[in-house]
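**Q** Quick one: the structure is below, questions incoming.
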Amino acid sequence: MFVEVIIPLALPKNYTWQVPEQMQLAIVPGIRVEVALRKNKKYAGIVKRVVKEIPVGFTPSPILNILDSSPVVNDTQLKLWEWIAQYYMCTEGEVMQAAIPANLKLSSESVLQWNEERTLDFSDLSDSEFIIAEALEIKGELKISEVQQLLDINNTYPVIKKLVEKRVCFVWEELKEKYKQKTENYILLHPKYAQEKELEELLNNWSRAPKQMELLLAYLHLKNTTGIVTQPDLLKKANASAAQLKGLIEKGILIGERRNTDRLPSLPKLLSLDFKLSAAQEKALASIKEIFESKTVCLLHGITASGKTQVYMKLIEEQIQLGKQVLYLLPEIALTAQMIRRLQKSLGGHIAIYHSKFNPNERVEIWNKINSGETKVVLGARSALFLPFNNLGLIICDEEHDASYKQQDPAPRYHSRDAAIYYASLFDARVLLGSATPSIETYFNVQQNKYGLVELLERYGDVAMPVIELIDLKQIPAKQRNESPLSPSLLKEIQETLEAKKQIILFQNRRGYAPYMICDTCGWIPHCNHCDVTLTFHKGKQKLSCHYCGTTYPVLQTCLACGNHHFVQKNFGTEKIEELVAEAFPQAVIARMDYDSVKGKHDHDNLIKLFEQHRIDILVGTQMVVKGLDFEKVSLVGIIDADGILNFTDFRVNERAYQLMEQVSGRAGRKDGLGKVVVQVTNLKHPVLQFVQQHNYQSLYQFEIENRKQFHYPPYTRLIQVIFKHKDKHIAEEAANIMQQGLSIQFGAYLNGPSQPIVDRIRNQYIWEILLKLPKDSKTVHNCKKMIHQQMIIIQNNKRYRSVHIIPNADPIY
Ligand code: ADP
Ligand code: ZN
Ligand code: ZN
C-alpha cells in the first residue's frame, strides 16, 4: 500500500510513501503521518490519497508513524487546497502551511513545553500522560523523540494530543512568547451543605453577621440561576466586599477556587435578533433568497450605513435554524473585534472568531469546534476559509472589494473571496458578496449574469448620505500650503464639529511625520541602503525609516552629497497632522490610528472602543480608519490629500480612489445624516471626484469598464505576474529574459516585460517582472501556467540562476 502525502514545504509535487503492513488499517485520507525526507529530517504530512498501483521507477520509503486516529482535514478541505495550489501556482504543501494551526503540524523535532500555570493535580491523567507530565515538570521541555524514549512506543501522538488538551504542555517553538492562561476565582458551597437539610439548619440558626447572610443568599440565588458563580459576579450582586466573602470562606461555608476559564468564553447559544428590518432591508433579504434559488453567488450592493450587517444576520439565523454552518469573512483582522461584539449580542455562543493573530492553542480549539459542528458560525479574516467545515450553507464575504482579501506574501497568494466561491461550490452552499463599492470584477460578473444583484440604496432610517465638499488647494498660497496641509475651510469645519460635540476623522494615506526630507542646498534626498525608496522621518521615534524593509536610520544632520546642514521636510504624514491638529485645537482629544500606533494585539481594538465611547474627538489615520467601522457620532471626515490617492500608478487607481473616498466618507453621519466630507485636492476636474460627490457607483463603473476594455485589463483578461528577485540586477534580468523567451512562442501576444517596477530594489534584491494579460479562456490560462512552471524548472536547473527567486502570482493585486 502507498500513500500520496502533502508536506508543508514548497516541493514541486507530492511524494509517495510506502505504508508498512501493520499501519495499513489505520490509513485514511486526511490523517497525519510522519515521514523522513532528505538527511532524515522528519515532517508531519497529511495523507492526500491512498495509491493502489506500485509506483514505477523508484522505491518509496516507508512512513514512520501515524499521528492521528481520525482525519484532521476532510475531503472538501483537501479539494480546496488542490484548487488553490493549482489556481494560484503554488504547492499543496504551501497551502497546508497556511491552512492548519501550528499545533497540528507537530513533528518529532517539535518541542513540548511545560505549562507553568497548570495546577499540579495530576489525577486526571492516564499512566502514560502522567510519566510525561512529571518529566515535563522537572525538565520544562521535552523533544518528541525524548517522549518516545520515555514511553518506549513509537506512536506518542495520541498521548501528546491529550496532554495539550489537558493543558499540561504546549507544542511548538512559537509558543515561547508564552500563552497566558486566564484564571478566575470561582465560589462554591462547601459540600457539607449540599443537602437541603443541612443548608436549612445553617440558615435558620444564623445569629450574627447579617451582611454575610445576605452574601450567602445572593450566592444561592446566583447558583440557581446561572449554575456557576465567580467571585466578581457574586460581590457585585451582593454589593459586598472581598473581606465579607473571606469571612464566609473562613467559616467553612463557602469555598474559593482558582480555576482556568475557558480560553474562549462559551456564551449561551442565543438566537435573539432584537431588531426589525426596514422595508428596504426586508425587500433586499427576500430578493437575496430568491436569487439563491437559481444562483450560487449574489452581490448585495448596499450603500454605506444601509444596514447590510442586519441583513446578513437574518440570513445567518436562518442557516442556524437549518442546522447549517456559516462563514462570515471580513478583510481585516482589525474589523473582526467590533463586529463580533455586534453579532454576539444576537447569536451568543453560536458564533466564534478566527484569525491568524490567535495563538495556536486557541486556533486548535476553534478548529475542533468547527470540525465537530458545535460551532455554527465563524467570523474571520481570510484564513478562516481553511477551517474544517462539514456542513456549510452560506459564506458571507463582506467588503468584497477589499484588496486585503488577496494574500501577497508568502504563497499561497490566494484571493479569499474567489477561493470562497470555489469552496462553497463543494458544499452547494451560497455566497453573498457585500459592498458599498463593489470591485469592477464582481460588478462585471453581475452584468454577465453570472452573479445575482440586490441593491440597497438607502441608508437605514432614511439617513441622508454625507455632503461632499471639494476644497481647491490651488487657491491657497504655496507658502501656506507648505506649512500646513489643513486648509482654512477644513479648520473651520473641525471647529464647528467640535462645538457641536461631534467626532471627526481625518484621513491621510501616509504614516510617519514627513514622508521625505530634502537637502535645501543641493536637493539630495536620503534613501534606504537596501531599497530604492526615500526614507520617512518619524518624529516620535526620532528616526528615519524605510517603509519597505523596516530598516531605521538615525536622523541626518548633514547632507551626504554637499555637506550642508539644512534639510526641509516634505509632505505630511499622519504623525505631523496629529501634531498640527493638536496645536490648532488644544482642548480636543486627538488620537492616531496607523501601522505605527497600533502595533500590539489589542491596540487597534482599544482605540476603536475609545472612539466608539466618544473619549476621542479627532481620529487621524491611514487606510485603517476607512474600513467598515460603525461610529455613531462622526459627522465630519477630512480627506487631506486626494491628489495622492488619484495619482497612484496602477490600472486600478480609479477604482481604488473611488472605494477609498466613498468608504471613508461612509463613516460620516451614519445615524443622523448630518455628515460632511471635506476633500482637499488640486485636480478638481478628476472624474472620480464627481462620482464620489454624487455617490454614483454606476458612473464610476461605466467609466472604468471602458478603460479596462481598451487596455486589456481585468475583467476582460486574466493577469499572471512573474517576479524575479536577485541581489545581482543582471542575473535577475537574465532569468526574466529566459522566461520571456520561453513564453513568447505561444504567449508572445499577451506578454509585457521584463521590466522593473517603480520600486526596483527591496531588501537588497533587484526586481524584474513579467506581466501576462491572458484571454479569459481556461485552456489558454491553464497552458500558460504549465509553461511558466516548466520555465521555472529550466531556469532553476541552471547553476547561474539557482538562487533567483521566481514568484508567479495569479490575479495580482497591488
Ligand atoms: P453597513 O454595513 O451597510 O454600512 P450597518 O449594518 O453597519 O451598515 O448599519 C448601520 C447602522 O444602522 C448600524 O449602527 C446598525 O445597527 C443600524 N441599523 C441598520 N439596520 C437596522 C435595523 N433594521 N434595526 C436597527 N438598527 C439598524
Ligand atoms: Zn545637499
Ligand atoms: Zn529599505
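The values are calculated or read from the model by the stated rules, or taken from the named source; none is laboratory data. Everything numeric in this text was worked out from a predicted model, so none of it was measured. Ideal geometry is used to build each Cβ from the backbone, glycine not excepted, and the neighbour counts take in all protein chains shown.
Residue-by-condition table, conditions (1) modelled with pLDDT under 95; (2) touching a strand residue (DSSP E or B) at 6+ places or on another chain (Cβ under 7 Å); (3) surrounded by 15 or more Cβ atoms within 10 Å (Cβ to Cβ):
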site: ILE421; (1), (2), (3): no, yes, yes
site: ARG430; (1), (2), (3): no, yes, yes
site: ILE440; (1), (2), (3): no, no, yes
site: ALA464; (1), (2), (3): yes, no, no
site: GLN475; (1), (2), (3): yes, no, no
site: LYS479; (1), (2), (3): yes, no, no
site: ASN482; (1), (2), (3): yes, no, no
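**Q** Kindly establish whether GLU632 is surrounded by fewer than 16 Cβ atoms within 10 Å (Cβ to Cβ), closer than 24 Å to GLN659 by Cβ and within 16 Å of ligand 1 (Cβ to nearest atom).
**A** So GLU632 passes the test.
**Q** From the residues in the range 265-281 that are out of contact with any Ser or Thr (no Cβ under 8 Å at 6 or more places or on another chain) and more than 9 Å from ligand 1 (Cβ to nearest atom), which one is modelled with the highest pLDDT?
**A** ALA279
**Q** If I go through the range 628-672 residue by residue, how many of them are assigned to a helix (DSSP H, G or I) and closer than 24 Å to VAL589 by Cβ?
**A** Looking only at that region, the number is 2.
**Q** Still on this structure: With the condition kept exactly as written, say whether any residue in the range 514-529 is in contact with a helix residue (DSSP H, G or I) (Cβ under 8 Å, 6 or more places away or on another chain), charged (D, E, K, R), more than 16 Å from ligand 3 (Cβ to nearest atom) and more than 27 Å from VAL598 (Cβ to Cβ).
**A** no
**Q** Take the residues in the range 278-313 that are among the charged types (D, E, K, R) and out of contact with any Asp or Glu (no Cβ under 9 Å at 6 or more places or on another chain), then tell me which one is farthest from TYR697 (Cα to Cα).
**A** Filtering the range 278-313 for residues that are among the charged types (D, E, K, R) and out of contact with any Asp or Glu (no Cβ under 9 Å at 6 or more places or on another chain), the one farthest from TYR697 (Cα to Cα) comes out as GLU293.
**Q** Would you check which residues across the range 230-264 are modelled with pLDDT of 85 or more, part of a loop (DSSP other than H, G, I, E, B) and buried (at least 16 other Cβ atoms within 10 Å of the Cβ) and list them?
**A** ALA240, ILE253
**Q** While we're looking at this one, here's another question. For the range 503-531, enumerate the residues that are on the phi < 0 side of the Ramachandran plot, in contact with a strand residue (DSSP E or B) (Cβ under 6 Å, 6 or more places away or on another chain), more than 15 Å from ligand 2 (Cβ to nearest atom) and not in a strand (DSSP E or B).
**A** Result: TYR513, PRO515, CYS531.
**Q** OK, next. Looking at the range 677-700, is at least one residue within 23 Å of SER484 (Cβ to Cβ) and within 28 Å of the chain's Cα centre (by Cα)?
**A** Checking the range 677-700: not a single residue is within 23 Å of SER484 (Cβ to Cβ) and within 28 Å of the chain's Cα centre (by Cα).
**Q** Another question about this same structure. Would you be able to say whether some residue in the range 64-82 is free of Cβ contacts under 8 Å to residues at least 12 places away in the same chain and within 21 Å of THR156 (Cβ to Cβ)?
**A** Within the range 64-82 (the criterion being free of Cβ contacts under 8 Å to residues at least 12 places away in the same chain and within 21 Å of THR156 (Cβ to Cβ)), the answer is no, since none of the residues qualifies.
The rows are residues; the columns are (1) modelled with pLDDT under 90; (2) closer than 24 Å to GLU612 by Cα; (3) not charged (D, E, K, R).
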site: ILE340; (1), (2), (3): yes, yes, yes
site: GLY348; (1), (2), (3): yes, yes, yes
site: GLU362; (1), (2), (3): yes, no, no
site: TRP367; (1), (2), (3): yes, no, yes
site: ASN371; (1), (2), (3): yes, no, yes
site: GLY380; (1), (2), (3): no, yes, yes
site: ASN391; (1), (2), (3): no, no, yes
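**Q** For the range 298-386, which strands (runs of 3 or more DSSP E) that fit wholly inside it have 3 or more residues that are within 24 Å of GLU441 (Cα to Cα)?
**A** Strands (runs of 3 or more DSSP E) meeting the threshold: 325-329.
**Q** Return the only residue of LYS369, LYS357 being over 13 Å from the mean Cα position of the chain (by Cα), basic (Lys, Arg) and surrounded by fewer than 24 Cβ atoms within 10 Å (Cβ to Cβ).
**A** LYS369
**Q** Moving on. Might you let me know whether the range 532-549 holds any residue that is within 23 Å of GLN480 (Cα to Cα), touching a helix residue (DSSP H, G or I) at 6+ places or on another chain (Cβ under 6 Å) and away from ligand 2 (no atom under 16 Å from the Cβ)?
**A** Scanning the range 532-549 turns up at least one residue that is within 23 Å of GLN480 (Cα to Cα), touching a helix residue (DSSP H, G or I) at 6+ places or on another chain (Cβ under 6 Å) and away from ligand 2 (no atom under 16 Å from the Cβ).
**Q** Has the range 486-493 got at least one residue that is part of a helix (DSSP H, G or I), among the aliphatic types (A, V, I, L, M) and either farther than 23 Å from GLY644 by Cβ or within 16 Å of ligand 2 (Cβ to nearest atom) (or both)?
**A** No - not one qualifying residue is present in the range 486-493.
**Q** Filter the range 671-700 for residues that are crowded, with 23+ Cβ neighbours inside 10 Å and under 17 Å from LYS633 (Cβ atoms) and give the result.
**A** If the condition is that a residue be crowded, with 23+ Cβ neighbours inside 10 Å and under 17 Å from LYS633 (Cβ atoms), then GLY675, VAL677 are the ones that fit.
**Q** Of the residues that sit in the range 554-565 and are free of Cβ contacts under 8 Å to residues at least 40 places away in the same chain and loosely packed, with under 14 Cβ neighbours inside 10 Å, which one is nearest to ligand 1 (Cβ to nearest atom)?
**A** Step by step, filter the range 554-565, then rank; the result is PRO554.
**Q** If you don't mind, another one. I'd like to know if the range 447-457 contains one or more residues that are part of a strand (DSSP E or B), among the charged types (D, E, K, R) and either surrounded by 20 or more Cβ atoms within 10 Å (Cβ to Cβ) or under 33 Å from the mean Cα position of the chain (by Cα) (or both).
**A** So the first thing to find is which residues in the range 447-457 are part of a strand (DSSP E or B), and the list is 452-456.
Subsequent filtering for residues that are among the charged types (D, E, K, R) retains 455.
Cutting the leftovers down to either surrounded by 20 or more Cβ atoms within 10 Å (Cβ to Cβ) or under 33 Å from the mean Cα position of the chain (by Cα) (or both) gives us 455.
Yes, the range 447-457 has at least one match.
**Q** Among the residues of the range 687-701, is there at least one that is touching a strand residue (DSSP E or B) at 6+ places or on another chain (Cβ under 9 Å) and over 24 Å from THR442 (Cβ atoms)?
**A** Scanning the range 687-701, I find no residue that is touching a strand residue (DSSP E or B) at 6+ places or on another chain (Cβ under 9 Å) and over 24 Å from THR442 (Cβ atoms), so the answer is no.
**Q** Of all residues in the range 196-226, how many are in contact with a Phe, Trp or Tyr (Cβ under 7 Å, 6 or more places away or on another chain) and loosely packed, with under 12 Cβ neighbours inside 10 Å?
**A** So the count comes out to 0.
**Q** Moving to a separate point now. Looking only at the range 277-328, filter to residues that are among the small types (Gly, Ala, Ser), surrounded by 16 or more Cβ atoms within 10 Å (Cβ to Cβ) and more than 26 Å from LYS676 (Cα to Cα); which one of those is farthest from ligand 2 (Cβ to nearest atom)?
**A** So, considering only residues that are among the small types (Gly, Ala, Ser), surrounded by 16 or more Cβ atoms within 10 Å (Cβ to Cβ) and more than 26 Å from LYS676 (Cα to Cα), the one farthest from ligand 2 (Cβ to nearest atom) is SER287.
**Q** Now for a different question. Looking at (1) modelled with pLDDT of 95 or more; (2) over 31 Å from the mean Cα position of the chain (by Cα), which one does THR521 not meet, given that it meets all the others?
**A** Only one criterion in (1) modelled with pLDDT of 95 or more; (2) over 31 Å from the mean Cα position of the chain (by Cα) is unmet by THR521, namely (1).
**Q** May I ask you to list the residues in the range 33-76 that are in a strand (DSSP E or B) and either farther than 17 Å from MET1 by Cβ or in contact with a Gly (Cβ under 7 Å, 6 or more places away or on another chain) (or both)?
**A** Within the range 33-76, VAL33, VAL35, ALA36, LEU37, LYS41, LYS42, TYR43, ALA44, ILE46, VAL47 qualify.
**Q** If only one of ALA305, ALA334 is on the phi > 0 side of the Ramachandran plot and touching a residue at least 12 places away in the same chain (Cβ under 8 Å), which one is it?
**A** Values: ALA334 fails: on the phi > 0 side of the Ramachandran plot.
Exactly one of ALA305, ALA334 is on the phi > 0 side of the Ramachandran plot and touching a residue at least 12 places away in the same chain (Cβ under 8 Å), namely ALA305.
**Q** Oh, and also: For the range 790-814, which residues satisfy the criterion of being in a strand (DSSP E or B) and among the aliphatic types (A, V, I, L, M)? Break it down stepwise before answering.
**A** Looking only at the range 790-814, we keep the residues that are in a strand (DSSP E or B), and these are 805-810.
Within the range 790-814, ILE806, ILE807, ALA810 meet the criteria.
**Q** Just one of the numbered conditions (1) assigned to a strand (DSSP E or B); (2) at pLDDT 90 or above; (3) surrounded by fewer than 19 Cβ atoms within 10 Å (Cβ to Cβ); (4) not aliphatic (A, V, I, L, M) is not true of TRP17; which one?
**A** Checking TRP17 against (1) assigned to a strand (DSSP E or B); (2) at pLDDT 90 or above; (3) surrounded by fewer than 19 Cβ atoms within 10 Å (Cβ to Cβ); (4) not aliphatic (A, V, I, L, M), the one that fails is (3).
**Q** Can you tell me which residue in the range 489-513 is nearest to ligand 3 (Cβ to nearest atom), limited to those that are basic (Lys, Arg), under 35 Å from the mean Cα position of the chain (by Cα) and surrounded by fewer than 22 Cβ atoms within 10 Å (Cβ to Cβ)?
**A** Here the answer is LYS502.
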